[in-house]
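These notes concern the structure reproduced below.
The values are calculated or read from the model by the stated rules, or taken from the named source; none is laboratory data. Keep in mind that this is a model prediction, so the values were computed, not measured. Neighbour counts are summed over all protein chains in view; Cβ atoms, including those assigned to glycine, are modelled from backbone coordinates with ideal geometry. For the accessible areas, the whole protein counts, side chains as well, though only heavy atoms, and no ligand, DNA or RNA atoms are used. Shrake-Rupley method; radii C 1.70, N 1.55, O 1.52, S 1.80 Å.
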Amino acid sequence: MIVQTCINGARSADFHPQLPLDADAMAHDGSACVAAGAAELHVHARGLDGRESLAPEAMDRTVLALRRACPGTLIGVSTGAWIENDDERTLAAIAGWSELPDYASVNLSEEAAPEVMQSLRQRGIGIEAGLASVADAERLVRLDRGRQVLRILIEIGEQELDAALEVSDGIATVLDRAGMRRAILLHGSDATVWPFVHRAAERNWSTRVGLEDGKELPDGTTASSNDALTAAAVAIFRAGR
């Protein structure tokens with residue numbers, strides 16, 4: 001069981017005044033989150049224009065800065081299809097990375113997910129298989145490489161809690177029936193962030209929080225920073241032990 005901090009995601013600068021959007025800011029923010037109890041960091045690299053990018057110059061700069069600021073901490077990145085908006089460009093970017101992340105998330109809802117997973121494995125990068133629906137879970141099970149992922153990321157977008165729980169339970173059922181015994185990280189977004197932190201703690205699963213997923217603390221107030229969100233999640237996990 002760990003708490004991972006997702007420090008920026010696809011959020012724009014107006015989402016929160018402390019959203020880190022360049023490599024130095026991500027490194028400083030990541031270090032504070034590790035000090036607050038984050039076991040891992042998940043980041044979306046940005047180009048010099050502030051836009052998400054998988055390009056080697058953006059990714060290498062970001063991963064290197066985080067390695068220097070947070071030695072020994074596992075660093076993960078996104079491979080979301082929307083970032084490059086072109087599957088061939090995504091694959092070419094991965095092939096060109098020099099500063100390799102420890103793992104990368106792959107959304108099983110995306111058409112090129114098998115090719116992206118293969119490219120990551122060829123580079124020795126762990127795969128966090130992102131499942132947002134029962135169909136995603138069924139697709140992962142069908143893939144031979146589905147049993148070779150580092151971790152399964154159950155990420156729920158539904159904002160109505162009962163519907164979100166139904167999707168989460170459906171994904172878990174598919175995985176269990178298939179005998180997929182992989183570490184699971186469960187997280188929600190915005191309205192469901194904290195219910196899913198508690199659910200993860202109850203099930204001895206990992207979780208994540210951070211400005212990618214939401215900016216509110218458990219009491220509904222706006223967090224001052226990513227490390228405040230991290231500390232709140234760590235407190236929940238510690239209380240549940």
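Quick one: putting +1 on the C-beta of Lys and Arg, -1 on the C-beta of Asp and Glu, what dipole do you get for the range 150-241 around its Cα centre, in Debye to the nearest 20?
Dipole magnitude for the range 150-241 comes out near 640 debye.
HN-Hα J couplings of the range 172-184 from phi, Karplus 6.51/-1.76/1.60, θ = phi - 60°, integer Hz, Gly and Pro as x?
With coefficients 6.51, -1.76 and 1.60, one gets 4, 5, 4, 5, 5, 5, 7, x, 7, 9, 10, 4, 10 Hz.
Simple spin-label model, 7 Å along Cα-to-Cβ: T222 to H28 in nm?
Inter-label distance under the simple model: 1.9 nm.
Arranged from highest to lowest average of other beta-carbon atoms within 10 Å per residue, in what order do the peptides 158-168, 113-123, 35-45 appear?
The most tightly packed comes first, giving 35-45, 113-123, 158-168.
If I take every Cα pair under 8 Å that is 6 or more residues apart in the chain, average their sequence separation and divide by the length, what percent do I get for the relative contact order?
For the chain, the relative contact order is 21 percent.
What dipole magnitude, in Debye to the nearest 20, does the range 1-160 give about its Cα centre under +1 on Lys/Arg Cβ and -1 on Asp/Glu Cβ?
It comes to approximately 560 debye.
Taking H as built 1.01 Å from N, whose amide H comes closer than 5 Å to the amide H of A183, not counting residues under 5 places away?
Residues meeting the amide H criterion: I152.
Let me have the 222 nm mean residue ellipticity of the chain computed from DSSP H runs of 4+ only, each contributing -39500 (n - 2.57), with the sum over all residues rounded to the nearest 500.
Theoretical 222 nm ellipticity from helices: -13000 deg cm²/dmol.
Just grab the label-to-label distance for E111 and R177, each label 7 Å out from Cα along the Cβ direction, in nm (one decimal).
Here the modelled spin labels are 2.8 nm apart.
Using a 1.4 angstrom probe, figure out how much accessible area the chain has per residue, in square angstrom, rounded to the nearest whole.
Value for the chain: 43 Å² per residue.
Which percent of the accessible heavy-atom area of the chain goes to carbon and sulfur, probe 1.4 angstrom?
In the chain, the share of accessible area belonging to carbon and sulfur is 48 percent.
Report the calculated FRET efficiency for S98 and Q118 (r = Cβ-Cβ distance, R0 = 22 Å), to the nearest 0.05.
The computed FRET efficiency comes out at 0.65.
At N85 and Q159, where each label point lies 7 Å from the Cα along Cα→Cβ, what is the point-to-point distance in nanometres?
The answer from the label model is 2.4 nm.
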